[in-house]
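These notes concern the structure reproduced below.
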Amino acid sequence: MVPADQGGGVMRADLLAASIDGLDEALAAVDAFDQALAAGLLRPQPARAAGLAELAAAVAGTPLAARVAEAAEKAAAGAAGEDHFVALAAARSALLGSVHDALTARVEEATGRPAGGATAPAAGGQQALNVLAAARSWLSDLARCGWRGIDHDVVAGSSQIVSAMLPDPALRRLASLLDGFAAELAASCPGAALERVPARRWGDLWSRGLLLTLPGAAGAPATGTATGRLLPLGVDLQEHATAVQAQVHAVFEPADGAAPLLVRASVSAPKPDTVVGAGLWQLLRPHMSLLAAVSEGRSMDLVGMPVTAEGDLLWSDQYARQGEPADAFSTARVALPTATGPATAPLDRHPARIAVPVLLEGYAAEQGDEGLTFTLAGQRLAVDTDRVPSAGPLTPEAVTASVACIGLLRWDAGVFGVQPLAVETTVRKKPVAVQAGAWAGGTADKAGVKAEKAATDAAAVLRERAGRLLRK
């Protein structure tokens with residue numbers, strides 16, 4: 001948000017730095033359970049059994065209390081079954097969900113933005129129960145072994161399950177999670193030799209996967225339709241060795257004059273590890289015309305675009321056409337302060353999912369030993385320049401020299417920080433906007449053209465090699 005003397009709302013940066021009652025205690029209970037899970041629940045030691053009891057105590061007085069208390073007792077005795085592991089995963093997810101809700105409420109208070117819906121409707125639909133049961137059995141075996149006890153034989157138990165899930169579109173979300181989780185575990189085998197266990201991350205993947213095996217949990221979310229004007233704010237590019245995703249954050253103005261909404265539109269594609277940098281856009285452009293609109297600084301007119309209660313546009317170019325020019329910073333100054341945030345699906349209530357678009361102005365940027373920070377009204381806000389992709393002209397240096405920033409407010413390692421999506425800086429006494437997604441739809445920038453050509457050459461080599469293999 002911007003200072004009041006510049007005509008906008010006020011970012012209460014002091015609220016972002018203030019403590020939240022009960023947050024540390026909830027995270028401590030999660031950490032205690034994660035340590036028990038790392039050691040394994042087949043024959044837990046007394047110290048690890050105490051972690052199970054701490055998790056149960058943290059949800060006492062809730063509807064989960066009785067089931068979790070029983071599950072903790074059974075697990076401490078080394079006699080837990082699949083239903084008990086599900087109860088423990090539910091308790092862990094509920095605690096992190098409460099952390100998510102508290103942090104989200106603090107963000108709404110700090111930004112002064114209208115609150116969105118509390119919780120989106122749960123997904124529906126039925127999936128193949130036998131495959132889900134197999135996945136639940138594998139995840140239960142992992143819990144018994146613990147991360148210190150995993151080996152290749154245990155991890156390999158997921159391969160047939162994932163293969164059976166992939167043909168069913170309703171199960172691909174869970175299949176992708178299990179496949180990626182198994183790959184991380186396989187790369188870390190044997191667990192006994194690990195110097196450090198990523199207990200929180202693997203605990204997240206384990207509990208989320210286990211809950212998604214419950215019938216209906218992994219079904220498609222309920223959707224409505226969106227008709228109106230879409231005003232892009234910026235692109236969050238997420239890259240992995242075998243996949244890439246671009247997520248466009250935007251403000252949607254309904255045609256019926258209703259309050260503007262914060263929405264997202266995502267496109268993903270598999271990729272070879274040789275395609276990096278600006279070449280990533282070549283994989284994504286054919287699937288989403290919105291990327292060109294971001295590059296050109298234009299809005300999009302939507303008619304009947306499917307949208308979930310969580311604010312995710314299920315993008316299809318047939319429901320969109322190019323609109324008028326729309327500057328991202330003008331959108332951030334005029335439309336963003338009044339935009340309502342979306343609801344959150346029950347299983348998505350996790351602090352890592354927090355990514356709230358904000359406009360920052362009137363700050364002082366400072367590069368220190370702990371990285372770049374913005375100081376607003378005497379409060380320091382961490383800037384995560386590591387998330388700035390190399391597939392665009394935005395650089396850490398441009399962020400440091402900026403006078404305004406559109407970013408995603410996130411929470412990590414106990415503090416709030418901002419991930420830059422676009423900045424305004426001054427060049428020859430004139431304001432210039434630099435977008436992380438400026439090359440998404442194509443570019444005449446010399447560095448961008450060079451990177452695109454390198455990616456094109458790499459893709460051509462890969463196609464030629466693939467063709468040669470097929471001919472053989």
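Throughout, read-outs are computed from the coordinates displayed, never taken from laboratory work. For clarity, every value in this text was computed on a predicted model and none was experimentally measured. Please note: Cβ atoms are built from the backbone with ideal geometry, for glycine as well, and neighbour counts cover all protein chains shown.
In the chain, helical runs assigned H by DSSP with n ≥ 4 each contribute -39500 (n - 2.57); averaged across all residues and rounded to the nearest 500, the mean residue ellipticity at 222 nm is -12500 deg cm²/dmol. Considering all C-alpha pairs of the stretch 3-98, those separated by over 17 Å amount to 53%. Fully extending the segment from ALA241 to ALA133 would add 35.9 nm, taking 0.36 nm per residue of separation and subtracting the current Cα-Cα distance. Of VAL334, ILE354, THR385, which is farthest along the charge dipole of the stretch 329-394 in the positive direction, counting Lys and Arg as +1 and Asp and Glu as -1 at C-beta? Checking the options against the dipole of the stretch 329-394, the answer is VAL334. Listed by chain and number, the lysines whose alpha-carbon sits under 28 Å from that of LYS429, ignoring those within fewer than 8 places in the same chain, are LYS446. Relative contact order for the chain: 16 percent, from Cα pairs under 8 Å spaced at least 6 residues apart, divided by residue count. Projecting the Cα atoms of LEU261, ALA278, THR308 onto the dipole axis of the stretch 223-338, where Lys and Arg carry +1 and Asp and Glu carry -1 at the beta carbon, places ALA278 farthest toward the positive end.
Among 421-429, 51-59, the peptide with the highest mean count of other Cβ atoms within 10 Å heads the list, and the full ranking is 51-59, 421-429.
Descending by average beta-carbon neighbour count within 10 Å, the peptides 142-152, 60-70 line up as 142-152, 60-70, the highest first. Charge dipole (Cα centre; +1 on Lys/Arg Cβ, -1 on Asp/Glu Cβ; no other charges) of the chain amounts to roughly 1180 debye. Dipole magnitude for the stretch 348-435: computed about the Cα centre from +1 point charges on Lys and Arg Cβ and -1 point charges on Asp and Glu Cβ, it is near 320 debye. Label sites at THR227 and ASP101, each approximated as a point 7 angstrom past Cα along Cα to Cβ, lie 3.6 nm apart. Using C-alpha pairs below 8 Å separated by at least 6 residues, the relative contact order for the stretch 223-338 is 32 percent. Annotation for the stretch 396-412 versus the stretch 160-210: alpha-carbon center distance of 33 Å. A simple spin-label model places pseudo-atoms 7 Å from Cα toward Cβ; at ARG43 and SER176 they are separated by 4.1 nm. For the pair ASP273 and THR375 in one chain, pulling the backbone fully straight at 0.36 nm per residue adds 32.9 nm over the alpha carbon distance.
Each label was represented as a point 7 Å from its Cα along the Cα-to-Cβ direction; for ASP153 and LEU166 these points are 2.6 nm apart.
Among 434-440, 162-168, 96-102, the peptide with the highest mean count of other Cβ atoms within 10 Å heads the list, and the full ranking is 434-440, 96-102, 162-168.
When +1 charges are put on Lys and Arg Cβ atoms and -1 charges on Asp and Glu Cβ atoms, the dipole computed for the stretch 223-338 relative to its Cα centre reaches about 100 debye.
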